[in-house]
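S.K.: The following block contains the structure, expressed as structure tokens.
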């Protein structure tokens, strides 16, 4: 059983390996989507995917830009069919920006390219290395689930430990 110094060192080494980044890796982002979305456009789609439809002012706030800049960005995304503006159901004056089906497909396209890139990397591993990696990745996935199940104060979402089991 490793002591706390060994555990800390091991954790640091894992973080270094898991977060390693090379400038050459950046080129992958450019090829993930055939329509070559800008990072700003991708950020808007990610925000809408995570938060759902947003008013222009909330979207501008999320992007840390002016309402006028957000309007221009949404205009370009709307022309490409990736987002649409819809009037609110309760208040017709409110306009919400929604991702379209084509906007949602961006993530499916990215996933296809990401899986292909990862497949070429995994093809370089032996079966034993892949089996060990799978055990580790399952452990990370389980730990991530436990962390996400805890609220901001460290308590579980339901206030008891059974939420993480």
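S.K.: Determine the principal axes of the Cα atoms in region 4-124, then give the extent along each, sorted from largest to smallest and rounded to whole angstroms.
M.R.: Computed over the Cα atoms, the extents are 59, 36, 24 Å.
S.K.: At 7 Å along the Cα-to-beta-carbon direction for both residue 141 and residue 86, put a label point, then send me their distance in nm to one decimal.
M.R.: A separation of 3.2 nm, rounded to one decimal place.
S.K.: If I stretch the segment between residue 126 and residue 21 completely, what's the gain in nm (0.36 nm per residue apart, minus their alpha carbon distance), one decimal? Mind showing how you got there, number by number?
M.R.: On the way: separation 105, 0.36 × 105 = 37.80 nm, distance 2.33 nm.
Once the chain is fully extended between residue 126 and residue 21, it gains 35.5 nm.
S.K.: Test of understanding: ordering 86, 58 by Cβ neighbours within 10 Å, fewest first, what list do you get?
M.R.: Fewest-to-most ranking of 86, 58: 86, 58.
S.K.: Among 134, 48, 96, which comes first, then next, by fewest other beta-carbon atoms within 10 Å? Spell out each step's value before the answer.
M.R.: Values: 134 10, 48 23, 96 18.
In increasing order of surrounding Cβ atoms, one gets 134, 96, 48.
S.K.: If packing is taken as the mean number of other Cβ atoms within 10 Å per residue, what is the order of 121-132, 67-78, highest first?
M.R.: Working: 121-132: 9.8, 67-78: 16.2.
Highest to lowest by the protection proxy: 67-78, 121-132.
Any read-out appearing in this document is the output of simple, stated calculations on the displayed coordinates, not a laboratory observation. This is a predicted model, so every value here is computed, not measured. Neighbour counts are summed over all protein chains in view; Cβ atoms, including those assigned to glycine, are modelled from backbone coordinates with ideal geometry.
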